[in-house]
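Enquirer: I'd like to ask you about the structure that follows.
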Amino acid sequence: MDMPDTAAPASPTTAQTVRLGTRDQAQPSSLLDGITLPSDLRRLSPRQLPRLAAELRQAMIQSVSRTGGHLGSGLGVVELTVALHYVFDTPSDKLIWDVSHQCYPHKMLTGRRAWMARLRQSGGPAGFTSRQESDYDPFGAAHSSTAISAALGFATARDLGQENHHVVAIVGDGAASGGMAFEGLNNLGAQRRRVIVILNDNNMSIAPPSGALVAHLGALRAQMPERDARRAAMATTPLPSFAETPTLFDQLGITYCGPFDGHDVGELIDVLSAARDRPDGGPVLIHVATEKGHGYAPAAMAKDCFHGVARFDVASGRQEKSPASAPSYTQVFSDALIGAAARDPAIAAVTAAMPSGTGLDRFGDRFPERCFDVGIAEQHAVTFAAGLACGGMKPFVAIYSTFLQRGYDQIVHDVAIQRLPVRFAIDRAGLVGADGVTHQGAFDVSYLGCLPGFVLMAPADESELARMVATAAAIDDRPSAFRYPRGNGTGILIPSLATPLEIGRGRIVREGADVAILSYGTTLGRALAAADMLSRIGITATVADARFAKPVDARLVAMLAREHRLLFTLEEAAVGGFATQVFDALGNDDHRGVDTARVVALHLPDRFIEHGNQSEQEAWAGLDARALAHRIAVAMGSSGSRELLAAE
């Protein structure tokens, strides 16, 4: 099943743009309405830019209030975004946004303002920068701490090609704490390439940042003088440093200047112009102090500064969230882990800058001495947990599937090879909806399933998740992982005291005679729905819950394959995952008589799935109940497959 074309609708053409002939001409009542591209912005006078920034901030608030998305980070860089596009000749000059969830003002100034009405929806712009979307997005992002390395690559290619454009990396203080950011700074300082790094310091990541760098940046912020003193210093030294002693960045060979007021457009223009025109070249880091959620009181006062929001009422900031009929899988995991930790003082929890997203904020409230937010440092999180395991603790590492990829070598080298009992709670597994291609949790089953000794689990519902937390806690001789999706559960009763599962044993949920569906994880509900549809055209299906991908229940697999015309494996994961484990099980000596040609793998297609809602993505992947029933009916040679589609 092909995914529908999600190509962007055409941006407004140059002919449609309200152009401004000179900086002194009369302007429309809204400056923002006169701007389609940064070339329009650069026709304004500097004194008009604060007004433009105010209009841009209000337009962004109104837009995100109707779509939801990342708000607080973008509000904090409105003035910086205006100044960057005013000073630099984009897209010839390259702006590289780290993470890029703060890029909404940038998108609105680069031909995508009207398109933002479909932000993070099918056919609309992504919530992050994307090379496929615009020439003004020279580098795609969504994961943290990549911008400095990418910028150095751009600058090196520029220099080797004897070109002369500017390269600017915009990095938040949270992202600057990531190991890859330090690697980039280290190499940048050694190469001495002409790169401008903007350190956007709002003292906030998704959660308050952690780590020693926070204290260093806080001390630098505390040394920022008042505006008049800054202006006086800039009159004699265009790029002054207000630090009392050489900073970490200076020691790395990168000229540090600042801090400056990140909400003063005039000051930012002067500083950026001076950095652009530096005669000596070499790398420079400009430290700007900003406020996440700036200019919108509900965001500025919220605990998370409206990092990510649903649709909301602009006047009150109240978000439109439908009451949940069941707890989220994240909450179920958190509750189960808290209960287990209350009974076992050896249980500890580790997260990489995502305490609220993983539910570990609640664990930390209950057991602060056993909860560790290590910052944006997945590699460190994994090896730190390995050390905890060596010391007799029972660490649970809670990280989104897409971010766990960043710690893969540590999983192999520091955990798996040593058979350490580190437990990985893999949140946001499978299709994640609006965050799209960069955040899909598609690969964890594949990249963990190939590692010897790992136990891999996936719950079909909330009760099973609670039991898998108990199972992981009981495994003390090897690493284990359990994956669970974004969103709410089924509403099933969760036992107050969950009991561990028998390792490597699945279960039959429904019996039929014609075909078998072996589901791994929460796709079980869709398997049962597909079975209902198939029964209407005379095909009866056995539906089983694998529970484990590794070790897979080989006896159950062989029985299902032998006793049915076809066996379908079902997973919301990439090729090379659960189905591979099933085929391997059927190939061992005990089950060589089973015809693997009768086994059909149903998994995510071999392509990256773009943003949309989760139901759309399931349909694009051919993994919603209707598509499953149709695919199974066709494979069975049923003449009722068309009837099935027509009925639906």
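The values are calculated or read from the model by the stated rules, or taken from the named source; none is laboratory data. Bear in mind that the values here come from a model prediction, so they are computed numbers and not experimental data. All Cβ positions, even for glycine, are placed from backbone atoms using ideal geometry, and neighbour counts span all protein chains on display. Side chains included, ligands, DNA and RNA excluded: accessible areas come from the protein's heavy atoms. Shrake-Rupley method; radii C 1.70, N 1.55, O 1.52, S 1.80 Å.
Enquirer: Within the stretch 268-278, is even one residue assigned to a loop (DSSP other than H, G, I, E, B) and either charged (D, E, K, R) or within 29 Å of the chain's Cα centre (by Cα) (or both)? Write out each step before concluding.
Expert: Going through the stretch 268-278, the residues assigned to a loop (DSSP other than H, G, I, E, B) turn out to be 277-278.
Adding the requirement that they be either charged (D, E, K, R) or within 29 Å of the chain's Cα centre (by Cα) (or both) leaves 277-278.
The answer is yes; a qualifying residue exists.
Enquirer: Taking the residues in the stretch 308-356 that are free of Cβ contacts under 8 Å to residues at least 40 places away in the same chain, over 26 Å from residue 116 (Cβ atoms) and open to solvent by 30 Å² or more (accessible area, probe 1.4 Å) as candidates, determine which candidate is nearest to the chain's Cα centre (by Cα).
Expert: Filtering first and then ranking leaves 331.
Enquirer: Right, something else. Taking the stretch 407-450 as the search range and keeping residues that are part of a helix (DSSP H, G or I) and under 12 Å from the mean Cα position of the chain (by Cα), which one is farthest from residue 617 (Cα to Cα)? Lay out the reasoning, then the answer.
Expert: Let us first name the residues in the stretch 407-450 that are part of a helix (DSSP H, G or I), namely 407-416, 436-438, 444-449.
Then keep just the ones that are under 12 Å from the mean Cα position of the chain (by Cα); that gives 436-438.
Working: 436: 9, 437: 11, 438: 14 Å.
The residue in question is 438.
Enquirer: Just to be sure, is residue 435 modelled with pLDDT under 95 and open to solvent by 10 Å² or more (accessible area, probe 1.4 Å)? Spell out the reasoning first.
Expert: Details: modelled with pLDDT under 95: yes; open to solvent by 10 Å² or more (accessible area, probe 1.4 Å): yes.
Considered against the rule, which asks whether it is modelled with pLDDT under 95 and open to solvent by 10 Å² or more (accessible area, probe 1.4 Å), residue 435 comes out as yes.
Enquirer: Could I ask something else about it? For the stretch 540-561, enumerate the residues that are more than 37 Å from the chain's Cα centre (by Cα) and open to solvent by 30 Å² or more (accessible area, probe 1.4 Å).
Expert: 540, 555, 559
Enquirer: Only one of (1) within 30 Å of residue 417 (Cβ to Cβ); (2) in contact (Cβ under 8 Å) with a residue 24 or more places away in the chain; (3) not aliphatic (A, V, I, L, M) is not met by residue 490, so which one is it?
Expert: (1)
Enquirer: Specify the residue that is modelled with the highest pLDDT; the eligible residues are those in the stretch 620-648 that are more than 18 Å from residue 568 (Cα to Cα) and surrounded by 14 or more Cβ atoms within 10 Å (Cβ to Cβ).
Expert: Among them, the one singled out is 620.
Enquirer: Are there any pairs with C-beta distances below 6 angstrom linking a residue in the stretch 130-142 that is open to solvent by 20 Å² or more (accessible area, probe 1.4 Å) to a residue that is hydrophobic (A, V, I, L, M, F, W, C), with the two at least 6 apart or on different chains, and if so which?
Expert: Final answer for the pair search is 139/96; 139/150.
Enquirer: Can you go through 585, 601 and tell me which one is open to solvent by 30 Å² or more (accessible area, probe 1.4 Å) and farther than 16 Å from residue 511 by Cα?
Expert: 601
Enquirer: Going residue by residue through the stretch 82-92, is there one that turns out to be surrounded by 24 or more Cβ atoms within 10 Å (Cβ to Cβ) and of a type in the set (Asp, Glu)?
Expert: No, the stretch 82-92 contains no residue that is surrounded by 24 or more Cβ atoms within 10 Å (Cβ to Cβ) and of a type in the set (Asp, Glu).
Enquirer: Also: Among what's in the stretch 538-589 and is among the basic types (Lys, Arg) and in contact with a strand residue (DSSP E or B) (Cβ under 9 Å, 6 or more places away or on another chain), pick the residue that is nearest to residue 601 (Cα to Cα). First the steps, then the outcome.
Expert: Filtering the stretch 538-589 down to residues among the basic types (Lys, Arg) leaves 547, 550, 555, 562, 565.
Cutting the leftovers down to in contact with a strand residue (DSSP E or B) (Cβ under 9 Å, 6 or more places away or on another chain) gives us 547, 550, 565.
Numbers: 547: 17, 550: 16, 565: 14 Å.
Only one residue fits best here, namely 565.
Enquirer: Search the stretch 498-512 for residues being among the aliphatic types (A, V, I, L, M) and in contact with a Lys or Arg (Cβ under 9 Å, 6 or more places away or on another chain), and hand back the single one that is farthest from residue 324 (Cα to Cα).
Expert: Start the filter on the stretch 498-512 by keeping residues that are among the aliphatic types (A, V, I, L, M), which leaves 498, 501, 503, 508-509.
Adding the requirement that they be in contact with a Lys or Arg (Cβ under 9 Å, 6 or more places away or on another chain) leaves 498, 501.
Details: 498: 23, 501: 28 Å.
Going through the qualifying residues, I end up with 501.
Enquirer: When you scan the stretch 571-591, do you find a residue that is aliphatic (A, V, I, L, M) and at pLDDT below 95, even just one? Full working, then the answer.
Expert: Of the residues in the stretch 571-591, the ones aliphatic (A, V, I, L, M) are 573-575, 579, 582, 585-586.
Still in the list and also at pLDDT below 95: 585-586.
Yes, because at least one residue in the stretch 571-591 is aliphatic (A, V, I, L, M) and at pLDDT below 95.
Enquirer: For the stretch 562-578, enumerate the residues that are surrounded by fewer than 24 Cβ atoms within 10 Å (Cβ to Cβ) and among the small types (Gly, Ala, Ser).
Expert: Correct list: 574, 576.
Enquirer: Here is a follow-up. If a residue counts only when it is closer than 24 Å to residue 88 by Cβ and open to solvent by 30 Å² or more (accessible area, probe 1.4 Å), which helices (runs of 4 or more DSSP H) contained entirely in the stretch 171-259 have at least 2 such residues?
Expert: On the way: elements: 173-176, 179-191, 212-222, 227-236, 248-251.
Where helices (runs of 4 or more DSSP H) fall fully within the stretch 171-259 and carry at least 2 residues being closer than 24 Å to residue 88 by Cβ and open to solvent by 30 Å² or more (accessible area, probe 1.4 Å), they are 179-191, 227-236.
Enquirer: Output the number of residues of the stretch 64-97 satisfying the condition of being in a helix (DSSP H, G or I) and either without any contact (Cβ under 8 Å) to a residue 40 or more places away in the chain or out of contact with any Lys or Arg (no Cβ under 8 Å at 6 or more places or on another chain) (or both). Let's see the steps before the verdict.
Expert: Pass one, the stretch 64-97, residues in a helix (DSSP H, G or I): 64-67, 72-75, 78-87.
The next check asks that each one be either without any contact (Cβ under 8 Å) to a residue 40 or more places away in the chain or out of contact with any Lys or Arg (no Cβ under 8 Å at 6 or more places or on another chain) (or both); those that pass are 64, 74, 79-84.
Selection size over the stretch 64-97: 8.
Enquirer: Before we move on, is residue 419 surrounded by fewer than 19 Cβ atoms within 10 Å (Cβ to Cβ), in contact (Cβ under 8 Å) with a residue 60 or more places away in the chain and either charged (D, E, K, R) or closer than 14 Å to residue 354 by Cα (or both)? Step through it out loud before you land on a result.
Expert: Details: surrounded by fewer than 19 Cβ atoms within 10 Å (Cβ to Cβ): yes; in contact (Cβ under 8 Å) with a residue 60 or more places away in the chain: yes; either charged (D, E, K, R) or closer than 14 Å to residue 354 by Cα (or both): yes.
Yes, satisfied.
Enquirer: Does any residue in the stretch 593-613 that is among the small types (Gly, Ala, Ser) come within less than 6 Å, Cβ to Cβ, of a residue that is modelled with pLDDT of 95 or more and surrounded by 20 or more Cβ atoms within 10 Å (Cβ to Cβ) six or more places away or on a different chain, and which pairs are these?
Expert: The qualifying pairs are 601/569; 601/579.
Results for (1) in a helix (DSSP H, G or I); (2) at pLDDT 95 or above; (3) touching a Pro at 6+ places or on another chain (Cβ under 7 Å), shown as yes or no for each residue.
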residue: 128; (1), (2), (3): no, no, no
residue: 136; (1), (2), (3): no, yes, yes
residue: 139; (1), (2), (3): no, yes, no
residue: 142; (1), (2), (3): no, no, no
residue: 152; (1), (2), (3): yes, yes, no
residue: 158; (1), (2), (3): yes, yes, no
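Enquirer: I'm checking my understanding of the structure. Among residues of the stretch 279-301 that are surrounded by fewer than 24 Cβ atoms within 10 Å (Cβ to Cβ) and under 19 Å from residue 191 (Cα atoms), which one is nearest to the chain's Cα centre (by Cα)?
Expert: Per the criteria, the residue is 284.
Enquirer: Within the stretch 382-406, work out how many residues are open to solvent by less than 20 Å² (accessible area, probe 1.4 Å) and more than 16 Å from the chain's Cα centre (by Cα).
Expert: 7
Enquirer: Next question. Just to confirm my filter: which strands (runs of 3 or more DSSP E) fall fully inside the stretch 461-526 and include at least 2 residues that are over 26 Å from residue 614 (Cα atoms)?
Expert: Result: 507-510.
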